[in-house]
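Everything on this sheet refers to the single structure shown next.
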Amino acid sequence: MDFRFDLIANYAPFFLKGTLLTIGFSVASIILGTILGLLIGLGEMMRNKKLAAPFRVYVTLFRGTPLLVQIMIIHFGFVPLFIGETNVYISGIAALSLNSAAYVAEIFRAGIQSLDRGQMEAARSLGMTHVQAMQHVIIPQAFKRMIPALGNEFIVLIKDSSLVSVIAAPELMYWGNAMQGQYYRPWEPYLTTAFIYLILTMVCDFLLRKLERRLATE
């Protein structure tokens, strides 16, 4: 196999721009998805079934349909509906965040429910309100248990960000496809993009493991 590194060198600036945008998509979606996922997870656990139902429907909807379909609907449907035109950056971040939030919500729900009910009762007996008990007692303890699952979700999100290339968002996979289309060579562009995604996920995994070890000693 004639592997041409010179073609990769020619496309290096585009791969760099694509990698930076992939990181931007991933970080923004992780932050928004985590915040939204926490709120949805708490909503799912409300005792009032009617109030909890919309949150459960949300989780079912986004976990039960392909992310690619969600990206297309949000990009060509909802984003033009709200801003009057398509925008690949808004669509990409919105789709990735909304999809990730559904999985993060289940992680938060499972993590919180894994704690003994006595934790809440003890906090309430000390005079804390339900919100204060969740903020200072329940969520901090549950978060330590959720780190491995959250780490897996973040890594999946980094890889799933490649799907926004279908709406022409100029991230990493977009430039891999562009290079393949220009030179009609599959090995150089796709092995390069695969290697970069591997580095990104390994860095994410390293940081999360370091955080997990640090919290375990506290």
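The values are calculated or read from the model by the stated rules, or taken from the named source; none is laboratory data. Here the structure is a predicted model, which means the values were calculated and not measured. Reconstructed Cβ throughout: ideal geometry from the backbone, glycine too, with neighbour counts over all protein chains shown.
Key figures for this structure:
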| read-out | value |
| --- | --- |
| Qualifying positions in the range 81-95 - over 20 Å from Leu36 (Cβ atoms) and among the aliphatic types (A, V, I, L, M) | Val88 |
| Hits in the range 198-218 (condition: free of Cβ contacts under 8 Å to residues at least 40 places away in the same chain and either assigned to a helix (DSSP H, G or I) or under 17 Å from the mean Cα position of the chain (by Cα) (or both)) | Leu198, Ile199, Met202, Val203, Phe206, Leu207, Lys210, Arg213, Arg214 |
| Some residue of the range 97-108 being farther than 16 Å from Ile158 by Cα, surrounded by fewer than 17 Cβ atoms within 10 Å (Cβ to Cβ), aromatic (Phe, Trp, Tyr) and at pLDDT below 95 | no |
| Residue in the range 175-198 that is modelled with pLDDT under 85 and on the phi > 0 side of the Ramachandran plot present | no |
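A quick yes/no check of all residues on (1) exposed (fewer than 14 other Cβ atoms within 10 Å of the Cβ); (2) out of contact with any Phe, Trp or Tyr (no Cβ under 6 Å at 6 or more places or on another chain); (3) part of a loop (DSSP other than H, G, I, E, B):
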site	(1), (2), (3)
Thr34	no, yes, no
Ile40	no, no, no
Gly43	no, no, no
Arg47	yes, yes, yes
Arg56	no, yes, no
Val59	no, yes, no
Arg63	yes, yes, no
Met72	no, yes, no
